[in-house]
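In what follows, a structure is listed as structure tokens, so that the remarks can point back to it.
The values are calculated or read from the model by the stated rules, or taken from the named source; none is laboratory data. Everything numeric here is computed off the predicted structure, so don't read it as measured data. Don't worry about glycine lacking a Cβ; one is built from the backbone with ideal geometry, like all the others, and counts go over all protein chains shown. Side chains included, ligands, DNA and RNA excluded: accessible areas come from the protein's heavy atoms. Shrake-Rupley method; radii C 1.70, N 1.55, O 1.52, S 1.80 Å.
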Amino acid sequence: MNRNPALLPYPKPHTVSQTDNYFGTKVADPYRWMEDVDSADTRAWIDAENKVTAHYFAPLQPLQKSLRGRMEALVNFERFSAPTRYGSRYIYEHNTGLQNQGVVFWTEGLNGTPHVLIDPNTLSADGTVALAGMSVTDDGRLAAFQIAEAGSDWQRIIVRDVATGKDLPDTIHWVKFGGAAWLKDGSGFYYTHYDAPKEGAALKAISSSPKIYFHKLGTDQSADTFVFERKDDPEIFLGAGVTDDGRYLILYQAKGTSPNNELAFLDLSQQGAKIERVIDKPDASYTVVGNDGSRFWLNTTLNAPNGKLIGLDLNQPGREHWKTLVPESKSKLDGASLVHRTLIAEYLTDAHTEVRLFAEDGKPVDTLTLPGIGTASGFNGRREDDETFYGFTNFTTPGVIYRLDLKTMQSVPYRTPKLNFNPAEYETTEVFVTSKDGTKVPMFLTSKKGLQRNGQNPTLLYGYGGFDISLTPAFSSSRIAWLERGGIYAQASLRGGGEYGEAWHEAGMKLQKQNVFDDFIACAEYLIHEKYTSTPKLAIQGGSNGGLLIGAVLTQRPELFGAANAQVGVMDMLRFDKFTVGFGWKQDYGSPSENEAEFHAIYKYSPLHNLKPGTHYPATLITTADHDDRVFPAHSFKFAAQMQADQAGPAPVLIRIETRAGHGAGMPLSKQLDVTADTFAFLLHELHADGQ
């Protein structure tokens with residue numbers, strides 16, 4: 001098959017003479033017009049690019065069809081979420097296998113007859129209207145659903161009677177980044193609201209200055225009561241929660257995406273009570289774990305980058321009265337809950353889960369035995385509950401749900417999927433790669449057992465490295481299709497993430513962001529040096545902040561990789577804060593227009609601004625979506641246009657633009673399979689691993 005992209009008729013978009021001045025440095029932006037994503041010129045360019053991409057993929061249809069068919073077979077198994085109890089009712093999500101969206105069910109008692117609570121597949125013909133969140137009253141009587149269309153972050157809230165399945169007239173519009181926080185009696189809820197954007201600007205306009213409102217059931221949204229805002233800083237995100245006992249409203253406040261936050265409390269049992277800003281300095285992260293009246297348990301990084309559990313009493317909220325209950329450990333405290341008067345603490349040890357249990361006063365009780373190295377999550381419940389449920393997964397184990405009896409400490413499988421492949425044929429190892437500055441970076445390698453390290457294995461290296469987000473072992477049925485073809489899946493836990501606590505995060509943010517790219521490059525070099533693969537057989541992939549990662553390493557080391565897939569990436573690092581919620585990312589990236597030192601650091605790695613004419617870039621597939629209001633699609637548009645213009649080598653540079661889709665959340669299964677099959681077909685073909 002001819003792999004020469006000279007046959008690809010790339011469009012030749014016009015350029016403009018836009019130049020911006022950053023602290024004396026003049027920066028050209030010739031494709032600024034693409035930021036008007038709905039203009040006739042931009043739409044014409046999108047159509048032309050989609051034709052080029054379709055032209056490329058036409059000969060690959062047999063491979064794409066084969067991959068998609070196998071992926072569909074692999075994902076065709078029952079999948080359950082862990083159930084959560086509300087009163088006498090349990091609520092969980094279930095997918096029979098090939099449903100575009102999972103269906104939410106409720107049962108009376110744990111083993112009662114399942115009843116459909118909401119089926120998102122019925123909300124639209126193409127499966128692009130998704131359930132983005134759910135909040136249920138304490139007694140299980142009412143459910144508030146967050147509905148998102150075409151992958152947008154914008155949501156509306158609807159309220160449904162659980163028993164009858166009928167919707168109440170209550171509908172809340174212009175909600176984002178937060179659901180309904182119900183009063184204990186279910187008479188109403190708190191929510192985060194943004195001002196409605198101007199007509200036609202919903203997917204582009206900056207979303208700032210959120211407010212907390214209270215909605216009383218049976219009233220119109222226009223009558224909702226204003227509760228809280230932060231007029232002093234429009235870039236602070238707000239969230240609301242109500243304690244399990246119904247006594248306190250908790251108001252979370254965080255600057256952008258910073259993990260550090262402030263906490264305010266309102267005593268709902270006292271009429272006329274005022275909001276108390278108990279933690280009014282965002283000097284650490286503070287997450288409420290549970291409470292007993294005015295006594296609270298918090299998970300915090302205050303003077304503990306790996307996290308610790310503390311106790312405070314709202315009757316004596318001063319910091320001098322705070323008590324450390326579970327001190328910081330060498331492993332990161334990734335989450336905690338309070339169930340059966342037991343503190344269940346989830347730790348990350350070298351990027352995989354360890355679960356330790358403590359008494360309410362912090363005394364160690366037990367360590368939970370997990371099925372292996374992987375990721376455990378869930379452990380929800382109330383302080384008085386006797387049971388909790390959690391899920392366990394790793395690269396070859398999809399979502400087994402366990403029930404933990406906290407009276408006996410017995411953990412037994414509750415839902416075990418039946419698979420269409422044999423996990424015993426595969427193995428995962430963890431290696432530690434030495435980065436440029438000597439830092440040890442963990443990387444998981446998954447492949448068929450008995451793999452020969454001969455440098456010829458098609459390898460997919462995946463990374464993220466940002467926003468305190470941890471990459472831990474997780475199952476993807478699509479990746480099994482990659483492994484079945486003799487491939488290796490490598491997942492690197494880079495600095496900037498949360499795998500080793502806040503110090504690890506800070507080592508990959510702002511002026512230290514280059515560490516993330518150095519870590520990833522070191523992992524690629526390790527795979528080649530150790531003969532797992534070689535440059536012509538090595539593909540790299542990342543999404544969102546991980547798309548930025550791919551764009552940065554492509555420009556820094558284009559000769560190192562055989563192929564690349566940059567998904568919904570942040571490519572124009574000088575203008576990321578100009579759209580939707582991009583301003584929030586300044587906490588991680590820095591501010592290119594407000595801080596000179598941060599501008600110079602950002603400009604040095606910004607993918608769009610480090611493309612160079614005459615460079616031989618590896619085969620690259622850029623993927624984005626027209627409804628992405630998280631990472632504005634113009635990032636990918638401008639990067640694709642510039643990279644196509646600068647490409648001097650024989651490898652193709654393509655952009656695949658999904659329609660009726662957003663940043664990824666809520667994407668229907670059918671579209672997920674289409675995108676992944678196209679992506680793997682591209683990578684395998686360009687790595688000469690497609691048998692052609």
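Please tell me if TYR603 is part of a loop (DSSP other than H, G, I, E, B) and at pLDDT 95 or above.
It is false that TYR603 is part of a loop (DSSP other than H, G, I, E, B) and at pLDDT 95 or above.
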Kindly check whether there is at least one residue in the stretch 41-61 that is acidic (Asp, Glu), at pLDDT below 95 and more than 22 Å from THR676 (Cβ to Cβ).
yes
If you scan the stretch 657-688, which residues turn out to be modelled with pLDDT of 95 or more and touching a strand residue (DSSP E or B) at 6+ places or on another chain (Cβ under 9 Å)?
ASP678, THR679, PHE680, PHE682, LEU683, LEU684, HIS685, GLU686, LEU687
Among the residues of the stretch 588-603, write down those that are over 26 Å from the mean Cα position of the chain (by Cα) and not hydrophobic (A, V, I, L, M, F, W, C).
SER593, GLU594, ASN595, GLU596, HIS600
For ILE469, state whether it is hydrophobic (A, V, I, L, M, F, W, C), in contact with a strand residue (DSSP E or B) (Cβ under 8 Å, 6 or more places away or on another chain) and at pLDDT 95 or above.
no
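How many of the residues in the stretch 562-580 are hydrophobic (A, V, I, L, M, F, W, C), open to solvent by 10 Å² or more (accessible area, probe 1.4 Å) and over 26 Å from LYS26 (Cα atoms)? If you could, list the steps in order and put the result at the bottom.
Start the filter on the stretch 562-580 by keeping residues that are hydrophobic (A, V, I, L, M, F, W, C), which leaves 563-564, 566, 568, 570-571, 573-574, 576, 579.
From what's left, open to solvent by 10 Å² or more (accessible area, probe 1.4 Å): 568, 579.
Cutting the leftovers down to over 26 Å from LYS26 (Cα atoms) gives us 568.
Number satisfying all stated conditions: 1.
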Filter the stretch 17-48 for residues that are under 28 Å from the mean Cα position of the chain (by Cα) and of a type in the set (Val, Ile, Thr); the one that is least open to solvent (accessible area, probe 1.4 Å) is ILE46
Being out of contact with any Ser or Thr (no Cβ under 9 Å at 6 or more places or on another chain), open to solvent by less than 50 Å² (accessible area, probe 1.4 Å) and either free of Cβ contacts under 8 Å to residues at least 40 places away in the same chain or not in a strand (DSSP E or B) (or both) is the filter here, so list the residues in the stretch 418-438 that pass it.
SER435, GLY438
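Just to be sure, is ASP170 part of a strand (DSSP E or B) and either modelled with pLDDT of 95 or more or aliphatic (A, V, I, L, M) (or both)?
On the way: part of a strand (DSSP E or B): yes; either modelled with pLDDT of 95 or more or aliphatic (A, V, I, L, M) (or both): yes.
Yes: the conditions hold for ASP170.
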Determine the pairs where a residue that is on the phi > 0 side of the Ramachandran plot, located within the stretch 179-197, has a partner that is of a type in the set (Asp, Glu) with Cβ atoms under 8 Å apart, the partner being 6 or more residues away or on another chain.
GLY186/ASP138; GLY186/ASP139
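Among PHE392, PHE379, PHE358, which is the only one that is more than 30 Å from TYR526 (Cα to Cα), open to solvent by less than 10 Å² (accessible area, probe 1.4 Å) and not acidic (Asp, Glu)? Steps first, answer last, please.
Numbers: PHE392 fails: more than 30 Å from TYR526 (Cα to Cα); PHE358 fails: open to solvent by less than 10 Å² (accessible area, probe 1.4 Å).
Among PHE392, PHE379, PHE358, only PHE379 is more than 30 Å from TYR526 (Cα to Cα), open to solvent by less than 10 Å² (accessible area, probe 1.4 Å) and not acidic (Asp, Glu).
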Of those in the stretch 275-297 that are under 27 Å from the mean Cα position of the chain (by Cα) and assigned to a loop (DSSP other than H, G, I, E, B), the residue farthest from ILE344 (Cα to Cα) is LYS281
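Only one of ALA563, ALA625 is over 30 Å from LYS198 (Cβ atoms) and either touching a residue at least 24 places away in the same chain (Cβ under 8 Å) or among the acidic types (Asp, Glu) (or both). Can you tell me which? Break it down into steps so the answer makes sense when it comes.
Values: ALA625 fails: over 30 Å from LYS198 (Cβ atoms).
Answer to the check: ALA563.
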Between a residue in the stretch 78-104 that is free of Cβ contacts under 8 Å to residues at least 24 places away in the same chain and any residue that is among the hydroxyl-bearing types (Ser, Thr, Tyr) and part of a strand (DSSP E or B), which pairs come within a Cβ distance under 8 Å, given they are 6 or more apart or on different chains?
TYR90/THR84; TYR90/THR107; TYR92/THR84
From the list GLY256, GLY218, which one is buried (at least 18 other Cβ atoms within 10 Å of the Cβ) and at positive phi?
GLY256
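Look through LEU654, LEU621 and report the one residue that is modelled with pLDDT of 95 or more and within 29 Å of HIS505 (Cα to Cα).
Values: LEU654 fails: within 29 Å of HIS505 (Cα to Cα).
Result of the check over LEU654, LEU621: LEU621.
With buried (at least 20 other Cβ atoms within 10 Å of the Cβ) and among the polar types (S, T, N, Q) as the only criterion, which of SER337, SER329 stands out? Even if it seems obvious, please write down each step before you answer.
Details: SER329 fails: buried (at least 20 other Cβ atoms within 10 Å of the Cβ).
Only one candidate passes the filter, namely SER337.
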Kindly evaluate ILE158 against the criterion of being buried (at least 21 other Cβ atoms within 10 Å of the Cβ) and either among the hydroxyl-bearing types (Ser, Thr, Tyr) or free of Cβ contacts under 8 Å to residues at least 60 places away in the same chain (or both).
no
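Going through the stretch 591-644 one residue at a time, which ones are of a type in the set (Val, Ile, Thr), more than 18 Å from PRO13 (Cβ to Cβ) and surrounded by 18 or more Cβ atoms within 10 Å (Cβ to Cβ)?
ILE602, THR623, VAL631, listed by residue number.
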When you scan the stretch 228-274 for strands (runs of 3 or more DSSP E) that lie fully inside it, which ones turn up with 3 or more residues that are small (Gly, Ala, Ser)?
236-242
Can you give me the number of residues within the stretch 288-302 that are without any contact (Cβ under 8 Å) to a residue 24 or more places away in the chain and surrounded by fewer than 22 Cβ atoms within 10 Å (Cβ to Cβ)?
3
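Kindly establish whether GLY311 is within 29 Å of GLU499 (Cβ to Cβ), open to solvent by less than 20 Å² (accessible area, probe 1.4 Å) and modelled with pLDDT under 95.
Values: within 29 Å of GLU499 (Cβ to Cβ): yes; open to solvent by less than 20 Å² (accessible area, probe 1.4 Å): yes; modelled with pLDDT under 95: no.
No: the conditions fail for GLY311.
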Restricting attention to the stretch 174-196, and to residues there that are open to solvent by 10 Å² or more (accessible area, probe 1.4 Å) and among the hydroxyl-bearing types (Ser, Thr, Tyr), which single residue is farthest from ARG156 (Cα to Cα)?
SER187
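Sort through ILE550, ILE528 and tell me the only one that's open to solvent by 30 Å² or more (accessible area, probe 1.4 Å) and of a type outside the set (S, T, N, Q).
Details: ILE550 fails: open to solvent by 30 Å² or more (accessible area, probe 1.4 Å).
Going through ILE550, ILE528 in turn, just one is open to solvent by 30 Å² or more (accessible area, probe 1.4 Å) and of a type outside the set (S, T, N, Q): ILE528.
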Which pairs have Cβ atoms under 7 Å, sit 6 or more apart or on different chains, and link a residue in the stretch 23-38 that is assigned to a strand (DSSP E or B) to one that is of a type in the set (A, V, I, L, M, F, W, C)?
VAL27/LEU574
Are any residues in the stretch 106-134 open to solvent by 20 Å² or more (accessible area, probe 1.4 Å) and either acidic (Asp, Glu) or touching an Asp or Glu at 6+ places or on another chain (Cβ under 6 Å) (or both), and if so, which ones?
GLU108, ASP119, ASP126
What is the residue count in the stretch 71-105 for residues that are closer than 22 Å to THR679 by Cα, open to solvent by 50 Å² or more (accessible area, probe 1.4 Å) and not in a loop (DSSP other than H, G, I, E, B)?
1
Checklist (1) out of contact with any helix residue (DSSP H, G or I) (no Cβ under 8 Å at 6 or more places or on another chain); (2) under 27 Å from TYR90 (Cβ atoms) applied to ILE172, failing item
(1)
Only one of THR137, THR164, THR171 is of a type in the set (Ser, Thr, Tyr) and open to solvent by less than 10 Å² (accessible area, probe 1.4 Å). Can you tell me which?
THR137
